[in-house]
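**Student:** There's a structure below that I have some questions on.
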Amino acid sequence: MNLTVIGTGYVGLVSGACFAEMGNRVTCVDVDQTKIDGLKQGHLPIYEPGLETIVERNFKEGRLGFSTCLADTITESNLFFIAVGTPPGEDGSADLQYVLAVAREIGQLMTQYSVIVDKSTVPVGTADLVHAAIQEELDKRKVEIEFDVVSNPEFLKEGAAIDDFMKPDRIVVGTESPRAQDLIRQLYAPFNHNHERTIFMGVRDAEMTKYAANSMLATKISFINEISNLCELMDVDVENVRRGIGSDGRIGFSFIYPGCGYGGSCFPKDVQALIRMAQGVDYVPEVLLSVEKRNQQQKRWFTRQLEKRFDGNLSGMTFGVWGLSFKPGTDDMREAPAKVLLADLLAAGAKVLAYDPVAMETAQHELPAEWFESGDVTLVGNQYEALQQVDGLLLVTEWKPFRNPDLAAMSRTMRKKIIFDGRNQYEPDYIRNEGFEYFGVGRLG
Ligand SMILES: NC(=O)c1ccc[n+]([C@@H]2O[C@H](COP(=O)([O-])OP(=O)(O)OC[C@H]3O[C@@H](n4cnc5c(N)ncnc54)[C@H](O)[C@@H]3O)[C@@H](O)[C@H]2O)c1
């Protein structure tokens, strides 16, 4: 099949590459000329394990192409995936300007029956808006071309995106058009692995499914974080509680790891967007409001611990920060807890030595330039360099190389041997026996 993926970010590039891997001819289109030029030369704009090999192979074999110009692909393709960003607008609702700009462009160019697939995460009712935008452009051109707009939300996780896309738990497809269903069924057939994973539903149902999924996962995280805060106040070890409840099949272990809050380009904005959707129909989403509020507070877990430990005075201190990306396996720093932490530390007069295995380049762009110019934040070359003469280690992202660190080397360089473990990676007794002070999330002090 010939298809076009518009928006070549985490979702668009992975989807395009995986569709090409299954034998389809795919053009990935993006307005970002630098991104497209880089991809043509084999430079990936994002870090995602396994992606480079697939992109390289399919590009070489002519199944995967890159372009900044939708018009170049329009005559060959009748299947368009919209995978552009839907960032939060000022009021928290999803900003649809990029999605609708693409819809209009498709309407200006399409020449044959087409299926337009919303893969971006978009609020309920967006397929109707996309349909209207395309129809308006067709009317302007005074042409009659049939088309269907389908919702096919993406559930991949950054850091495991290829695996998630190739072996999805489910493929949600919102459309009632039999013609569109046939096309989508054919496209996804190789991903069904002798076991039908595609769930067809109404287009609005599919749009809501994505928000409900992310909000459910965010709820689990905020719930366990709330319990961990209670544990800290009540002399209870949350790790025992976690094991005690996770073993209940109805609850399960996933997404109940206490920590310093969730970040990324999805959970924070999707919970907020669902809150705005609810408010748009005069409904007060009590659970979601609390999930969001708990997370905002949880991102300040380090700040609260540091203030308690140092009697509210961090001025003149230096802290080593391990991990800047919002989670391991990605260079994505959108809404990362590390950003809140660094801002708090600097506001309190402290300095930071920071290290991340892959997000250093992202950090250079995403963090304010003045933080580096002032010398308040220094990005260093390895995890141990971040511990030179520091008053404590702050573990923010649980990258594998941080899990079993060289405590003897750390002892030699740290001014104060204190570990604040924002992801409960370490065994408190072991760390304390090695002569460190240790603070974990919801762990016994
Ligand atoms: N990142 C994830 O893990 C993830 C997972 C599931 C769903 N989603 C959703 O998928 C969507 C895309 O997310 P992402 O993380 O891939 O975004 P991203 O910011 O990484 O990529 C979006 C790309 O779209 C391009 N773009 C913007 N306007 C364009 C236009 N008019 N024409 C062509 N290209 C254009 C941008 O240049 C950018 O490269 C969002 O709605 C997001 O919520 C993301």
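The values are calculated or read from the model by the stated rules, or taken from the named source; none is laboratory data. No experiment lies behind these values; they were computed from the predicted model shown. Backbone-built Cβ (ideal geometry, glycine too); neighbour counts: all protein chains shown.
**Student:** Would you mind finding the one in Val150, Val117, Val124, Val130 that is under 25 Å from the mean Cα position of the chain (by Cα), part of a helix (DSSP H, G or I) and of a type outside the set (Lys, Arg)?
**Tutor:** Answer to the check: Val130.
**Student:** Let me ask something else. Which condition from (1) more than 21 Å from Thr303 (Cα to Cα); (2) out of contact with any Phe, Trp or Tyr (no Cβ under 7 Å at 6 or more places or on another chain) is the one that Asp332 breaks?
**Tutor:** Tallying (1) more than 21 Å from Thr303 (Cα to Cα); (2) out of contact with any Phe, Trp or Tyr (no Cβ under 7 Å at 6 or more places or on another chain), Asp332 fails exactly one: (2).
**Student:** A further question follows. Scan region 133-147 and tell me whether some residue there is closer than 25 Å to Arg197 by Cβ and buried (at least 18 other Cβ atoms within 10 Å of the Cβ).
**Tutor:** No, region 133-147 has no match at all.
**Student:** Quick check, is Glu361 under 24 Å from Pro49 (Cβ atoms) and free of Cβ contacts under 8 Å to residues at least 60 places away in the same chain?
**Tutor:** yes
**Student:** Name the residue that is surrounded by the most Cβ atoms within 10 Å (Cβ to Cβ), counting only residues in region 184-198 that are over 10 Å from Val173 (Cβ atoms) and among the charged types (D, E, K, R).
**Tutor:** Checking each candidate, the answer is Arg197.
**Student:** Using beta carbons and a limit of 9 Å, which pairs, at least six apart or on different chains, have the first residue in region 164-184 and in contact (Cβ under 8 Å) with a residue 40 or more places away in the chain and the second one basic (Lys, Arg)?
**Tutor:** The qualifying pairs are Gly174/Arg204.
**Student:** Next question, about the same structure. Look at region 315-332 and say how many of its residues are β-branched (Val, Ile, Thr) and farther than 16 Å from Cys266 by Cβ.
**Tutor:** 2
**Student:** Conditions: (1) more than 21 Å from Val117 (Cβ to Cβ); (2) touching a strand residue (DSSP E or B) at 6+ places or on another chain (Cβ under 7 Å). Gly89 meets all but one. Number of the miss?
**Tutor:** (2)
**Student:** Looking at this structure, is Val14 in contact with a helix residue (DSSP H, G or I) (Cβ under 8 Å, 6 or more places away or on another chain), under 18 Å from Tyr188 (Cα atoms) and near the ligand (Cβ under 9 Å from one of its atoms)?
**Tutor:** Criteria met by Val14.
**Student:** A further question on this structure: Could you check, for region 12-27, whether at least one of its residues is among the basic types (Lys, Arg) and either touching a residue at least 60 places away in the same chain (Cβ under 8 Å) or surrounded by fewer than 18 Cβ atoms within 10 Å (Cβ to Cβ) (or both)?
**Tutor:** No; the residues of region 12-27 include none that is among the basic types (Lys, Arg) and either touching a residue at least 60 places away in the same chain (Cβ under 8 Å) or surrounded by fewer than 18 Cβ atoms within 10 Å (Cβ to Cβ) (or both).
**Student:** Using the structure shown, decide if Leu100 is closer than 19 Å to Glu146 by Cα, near the ligand (Cβ under 10 Å from one of its atoms) and within 24 Å of the chain's Cα centre (by Cα).
**Tutor:** Answer is yes for this residue.
**Student:** A follow-up question, please. Would you please name the residue that is nearest to Gly16 (Cα to Cα), looking only at residues in region 156-183 that are more than 16 Å from the ligand (Cβ to nearest atom) and crowded, with 18+ Cβ neighbours inside 10 Å?
**Tutor:** Leu183
**Student:** When you go through (1) assigned to a loop (DSSP other than H, G, I, E, B); (2) over 26 Å from Asp182 (Cα atoms); (3) within 16 Å of the ligand (Cβ to nearest atom) one by one for Asp91, which number turns out not to apply?
**Tutor:** Single failed check for Asp91: (3).
**Student:** Sticking with this one: Among the candidates Glu76, Glu144, single out the residue that is farther than 23 Å from Gly280 by Cβ, acidic (Asp, Glu), free of Cβ contacts under 8 Å to residues at least 24 places away in the same chain and not in a helix (DSSP H, G or I).
**Tutor:** Answer to the selection: Glu144.
**Student:** Right, another one. Out of all the residues in region 17-49, which are within 13 Å of the ligand (Cβ to nearest atom) and either in a loop (DSSP other than H, G, I, E, B) or on the phi > 0 side of the Ramachandran plot (or both)?
**Tutor:** Of everything in region 17-49, those that are within 13 Å of the ligand (Cβ to nearest atom) and either in a loop (DSSP other than H, G, I, E, B) or on the phi > 0 side of the Ramachandran plot (or both) turn out to be Asp30, Val31, Asp32, Leu44, Pro45, Ile46, Tyr47, Glu48.
**Student:** Output the residues belonging to region 60-70 that are part of a helix (DSSP H, G or I) and buried (at least 19 other Cβ atoms within 10 Å of the Cβ).
**Tutor:** Result: Leu70, single match.
**Student:** Only residues that are within 13 Å of the ligand (Cβ to nearest atom) and touching a Ser or Thr at 6+ places or on another chain (Cβ under 8 Å): list them for region 103-125, please.
**Tutor:** The answer is Ile106, Val117, Asp118, Lys119, Ser120, Thr121, Val122, Pro123.
**Student:** Identify, please: which residue in region 223-256 is in contact with a helix residue (DSSP H, G or I) (Cβ under 7 Å, 6 or more places away or on another chain) and either modelled with pLDDT under 95 or outside any helix (DSSP H, G or I) (or both) and is, among those, farthest from the ligand (Cβ to nearest atom)?
**Tutor:** It comes out as Asp237.
**Student:** Here is a follow-up. Those residues that are within 12 Å of the ligand (Cβ to nearest atom), farther than 17 Å from Glu207 by Cβ and outside any helix (DSSP H, G or I), I need them from region 262-292; list them, please.
**Tutor:** Once the filter is applied, which keeps residues that are within 12 Å of the ligand (Cβ to nearest atom), farther than 17 Å from Glu207 by Cβ and outside any helix (DSSP H, G or I), region 262-292 yields Gly263, Gly264, Ser265.
**Student:** Quickly run through region 1-16 and pick out the residues that are in a helix (DSSP H, G or I), touching a Phe, Trp or Tyr at 6+ places or on another chain (Cβ under 9 Å) and not aliphatic (A, V, I, L, M).
**Tutor:** Gly12, Ser15, Gly16, listed by residue number.
**Student:** Take region 199-250 and flag every residue that is buried (at least 20 other Cβ atoms within 10 Å of the Cβ), among the aliphatic types (A, V, I, L, M) and either free of Cβ contacts under 8 Å to residues at least 40 places away in the same chain or in contact with a Leu (Cβ under 8 Å, 6 or more places away or on another chain) (or both).
**Tutor:** Ile224, the sole residue that qualifies.
**Student:** If I filter region 357-380 down to residues being in contact with a Ser or Thr (Cβ under 8 Å, 6 or more places away or on another chain) and more than 28 Å from Gly312 (Cβ to Cβ), which single residue comes out as surrounded by the most Cβ atoms within 10 Å (Cβ to Cβ)?
**Tutor:** By that ranking, first place goes to Ala359.
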